[in-house]
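S.K.: Provided herewith is a single structure, encoded as structure tokens, for subsequent inquiry.
Each reported figure results from applying straightforward, stated rules to the coordinates on display, with no laboratory input. All values derive from a computational prediction rather than experimental measurement. Cβ placement follows ideal geometry from the backbone for every residue including glycine, while neighbour counts extend to all protein chains displayed.
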Ligand SMILES: [Zn+2]
């Protein structure tokens, strides 16, 4: 889950997610026609 940087809404469903590195998981969200990423360890 990530927060939209524009309106502050919580976005639960990523439009895309992938492993950038074995220890780094990236989730891409979209809201208010803005895309933002959230990084996390698995
Ligand atoms: Zn938004």
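S.K.: Kindly put 34, 3 in sequence by how many other C-beta atoms sit within 10 Å of each C-beta, fewest to most.
M.R.: Working: 34 11, 3 14.
Neighbour counts put them in this order, fewest first: 34, 3.
S.K.: In nm, to one decimal, how far is the residue 7 label point from the residue 24 one, both placed 7 Å along Cα→Cβ?
M.R.: Those two pseudo-labels are separated by 3.0 nm.
S.K.: If one computes P(r) from the Cα atoms of the chain, what percent of pairs lie at distances over 17 Å? Provide the component values of the computation, followed by the final result.
M.R.: Working: 228 of 861 pairs.
Of the Cα pairs, 26 percent sit more than 17 Å apart.
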